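This report refers to the structure that appears directly beneath it.
The values are calculated or read from the model by the stated rules, or taken from the named source; none is laboratory data. Quick caveat, the model's predicted, so the values are computed rather than measured. Neighbour counts are summed over all protein chains in view; Cβ atoms, including those assigned to glycine, are modelled from backbone coordinates with ideal geometry. Accessible surface is based on the protein model in full, side chains and every heavy atom, while ligands, DNA and RNA are left aside. Shrake-Rupley method; radii C 1.70, N 1.55, O 1.52, S 1.80 Å.
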Amino acid sequence: MESHARKYDARDAESIFAYSSGLIGHTLTEAVAALGLDIVTDDIQMKGKGGLGQLVEKFYYGYEPNSDPRPDFPEAGVELKTTPLKTTKEGKYAIKERLVCDMIDFCAVVDTPFEKSAFYRKSILMLILFYLHSKGKKPRDLKFFFSVLWRLKEKDLLIIKHDYETIVDKIKRGLAHELSEGDTLYLGACRKGQKGDALRKQSFSDIKAPKRAFALKTSYMRTILDFAEHSGTGMATNTEIDTSSLELVSSKDLEHNSLEDILTRRLMQFRGMDYRQIADHFGMEVSCKEKSRYARVTKRILLKGLKSFEDAEEIRKAGIIAKTIRLDKKGRIKENMSFENIDYNEIINNKEWTNSRWYEIVTSRFMFVVFREDPDTHGCEWEDEARYTLDKVVFWTMPAQDMKRAKAYWENIRQNVTSDTLQDGNNTFWKQRDGRMFHVRPKAQNSGDKCYSPKSGIEVPKKAYWFNRDYVRETIKQAYGDDWKRLFGNDNE
C-alpha cells in the first residue's frame with residue numbers, strides 16, 4: 001500500500017476531515033484512483049450496510065478495518081460513518097435511514113453509565129460521509145455528496161444521555177423485547193438483523209429480545225444534512241461554531257430536567273384557560289373560525305416568542321409530533337387525527353416498511369395537548385360552541401403490540417400502489433368504518449386534489465395517513481387513568 005499518497009494526519013480531526021474532500025462528487029473507485037491506487041477487492045468481510053465504510057477506511061484512508069472499541073481514528077477521537085441518501089420526487093436529497101452507532105448488549109449495558117458507553121466514546125465526534133444510494137450498484141461505485149465533521153454539543157448530549165438512560169431503564173425492567181424507537185427523542189433503539197434472526201438474552205427477563213442498536217434517528221440526521229447543504233461546498237463542520245438556531249430550551253434547563261418535563265410544565269401554566277384567554281395573554285389575534293386555533297395557541301406557549309414550532313431545533317432533531325385534542329363532556333373526540341399526504345413514489349420505492357415515512361411517523365414521540373370541555377359552560381359569548389380549556393399534556397409512544405397493525409396498514413397501502421389501484425372504487429384502502437386503528441382518505445381541504453400514479457402516470461386522488469379517533473381516545477383515556485370515570489362518567493362512546 002502506497003501510504004505516501006495519502007496526505008493527512010491521523011492525529012488531527014481537522015486534517016482527517018479536510019482529506020475527505022477528495023471523496024466529494026466522486027465514487028470511492030474514482031477517489032482511490034486519483035491517489036494512484038486501486039481497490040483490490042470489496043469482498044473482504046465487507047458486506048451489508050457497513051461495507052462501504054470499511055472500504056473507505058481500507059482503501060481511501062489506508063488502515064485496516066477492525067473491531068477496536070475505540071473510535072476509528074483513536075488519536076484524533078474521530079469515528080468514521082457512511083450513510084445513504086435518497087432523492088425525492090422533487091429531486092432533493094433526503095435521509096434514507098437512521099445512523100446506526102453501536103449494537104446494544106442487553107446484559108452489559110445495564111451496568112454501563114452513559115459516559116463509559118461505547119456509543120459515547122465513538123460518537124462524540126463523527127466524520128459522516130453522505131452518499132447517494134443506487135439500487136444494483138456496488139458500494140465502491142456509489143457517489144459521495146457531503147462530508148460533515150459533527151461534534152455532539154452539550155445540549156444534544158444532555159438529551160441523548162436522557163434517551164440512553166430511558167433505554168437502559170427499560171432493559172433493567174426486563175422489557176428489552178418491548179423497546180421502541182418512539183420511547184426516546186434523538187437516540188433510538190432500532191431493530192437490527194433480518195426476520196428470523198436469533199433473539200438475544202436479557203438479564204432481567206427470560207423473554208429473549210430482537211437485536212437492537214443505538215442509532216441517531218432519521219429526524220436528527222435530517223438536521224445534519226440540512227447543515228451540510230447550507231455549506232454550499234459539500235464540506236461542513238460544527239466543531240467551531242454554534243449550529244443552534246431556534247431553540248425551545250437551554251442547556252441549563254436540561255441539566256436537571258428532561259425536555260418533556262420542561263415542555264409539560266410550560267404548557268400546564270395555562271391549565272384551565274381556553275384558547276381565547278391564552279391568545280389574549282400573548283396579544284394574539286385568533287378567530288373562532290380558525291380550525292387551527294387550538295394548535296396556534298399551544299405552539300405560542302411552547303415557543304416563548306420564536307416564530308415556528310416545527311423549525312425549533314429540538315423539535316426538528318427529535319421529530320416530535322405535536323397534536324391538539326378536544327374532549328367533550330363525555331370524553332368523546334369529534335375528529336380523526338390526520339397526518340401528511342401519502343407519497344406514492346416513496347411507498348413504491350421502499351420494500352422495507354422500517355425505512356418508510358409511515359414507520360418514521362409511528363415510531364415518533366407524540367405530544368398530545370388535551371383541551372377538555374368545561375362541563376359548567378354551555379357556550380362562550382364570542383362564539384357558538386362549548387368552552388374547552390387546556391387540561392393535560394400526554395407524551396406517547398405507540399405500543400409494540402400496535403406496531404403489527406401499523407405494518408399491515410402500510411402493506412395494504414403499498415399493495416394498492418404496486419397494483420395501481422389508487423382510483424376511488426378500485427382500491428382496498430382501510431376505511432374508518434373498518435375499525436382498524438388507522439385509515440386512508442383525503443384531507444378535508446384537499447378532497448379534490450390529484451397527483452400521479454407512479455405505475456401508470458394517470459391522475460389519482462391524493463390520500464393521507466389517519467389515526468381513527470377511537471384509537472386516539474383510548475390512548476388519552478389510559479393517560480387519564482383513574483380520573484377518567486370521575487371526569488367523564490360511564491365509558492360510553
Extension gain, Met268 back to Ser134 (0.36 nm per residue minus Cα-Cα distance, nm): 43.4 nm
Per principal axis, descending, Cα span of the stretch 441-490 in whole Å: 54, 20, 13
With 0.36 nm assigned to each residue of separation and the Cα-Cα distance removed, His281 to Met235 gains 12.1 nm
Compute the accessible area per residue over the chain, keeping the other protein chains in place, probe 1.4 Å, unit Å². 49
Determine the dipole magnitude for the stretch 108-239: charges of +1 sit on the beta-carbon of Lys and Arg, -1 on that of Asp and Glu, nothing else is charged, the reference point is the Cα centre, and the result goes in debye to the nearest 20. 620
Measure nothing fancy, just the Cα-based angle from helix 293-303's long axis to the longest principal axis of the chain, in degrees from 0 to 90, nearest 10. 50
Net dipole in debye of the chain [+1 Lys, Arg Cβ; -1 Asp, Glu Cβ; about Cα centre; nearest 20]: 1320
Inter-probe distance in nm under a simple model that places probes 7 Å from Cα toward Cβ, at Asp449 and Asp470: 2.8
Sorting Phe270, Phe144 by accessible area (1.4 Å probe), largest first, what list results? Phe270, Phe144
Helical mean residue ellipticity (222 nm; -39500 (n - 2.57) per DSSP H run of 4+; nearest 500) of the chain: -8500 deg cm²/dmol
Counting only protein heavy atoms and using a 1.4 Å probe, what share of the accessible area of the chain belongs to carbon plus sulfur, as a whole percent? 45
For the chain, with +1 on Lys and Arg beta carbons and -1 on Asp and Glu, the positive-most of Trp353, Ala215, Cys190 along the dipole: Trp353
Relative contact order of the chain: what whole-number percent is it, with Cα pairs under 8 angstrom and at least 6 residues apart? 12
Mean projection area, nm², convex hull over Cα of the stretch 313-471: 11.6
Which value, in Å² rounded to 10, gives the accessible area of Ser203 with a 1.4 Å probe and all protein chains present? 60
Using protein chains only and a probe of 1.4 angstrom, how many square angstrom of Thr233 are accessible, to the nearest 10? 100
Taking the 0 to 90 degree range and rounding to the nearest ten, how far is the long axis of helix 259-268 tilted relative to the main principal axis of the chain, both from C-alpha atoms? 20
What figure in square angstrom, to the nearest 10, would you give for the accessible area of Lys155 with a 1.4 Å probe? 20
Can you tell me what share of the DSSP beta bridges in the stretch 58-194 is antiparallel? A percent to the nearest 5 is fine. 60
Pop a pseudo-label 7 angstrom from the Cα along the beta-carbon direction at both Asp402 and Asp169 and give the gap in nm to one decimal. 2.0
Cα gyration tensor, the stretch 35-143 - rounded (a/c under 1.5), prolate or oblate: oblate
At 1.306 mPa s and 10 °C, Stokes diffusion of the stretch 182-272 via Kirkwood alpha-carbon radius, µm² per second: 92
Sorting His133, His281 by accessible area (1.4 Å probe), largest first, what list results? His281, His133
Residues of the stretch 452-493 with the amide nitrogen closer than 18 Å to a label point 7 Å from the Cα of Asp376, along Cα-to-Cβ, please. 486-489
Gain in span if fully extended, Asp68 to Lys192, counting 0.36 nm per residue against the direct Cα distance: 42.6 nm
In the structure shown, do any of Lys329/Lys407; Lys299/Lys443; Lys92/Lys217; Lys289/Lys404; Lys58/Lys208 have a Cα-Cα gap over 30 Å, and if so which? Lys329/Lys407; Lys289/Lys404; Lys58/Lys208
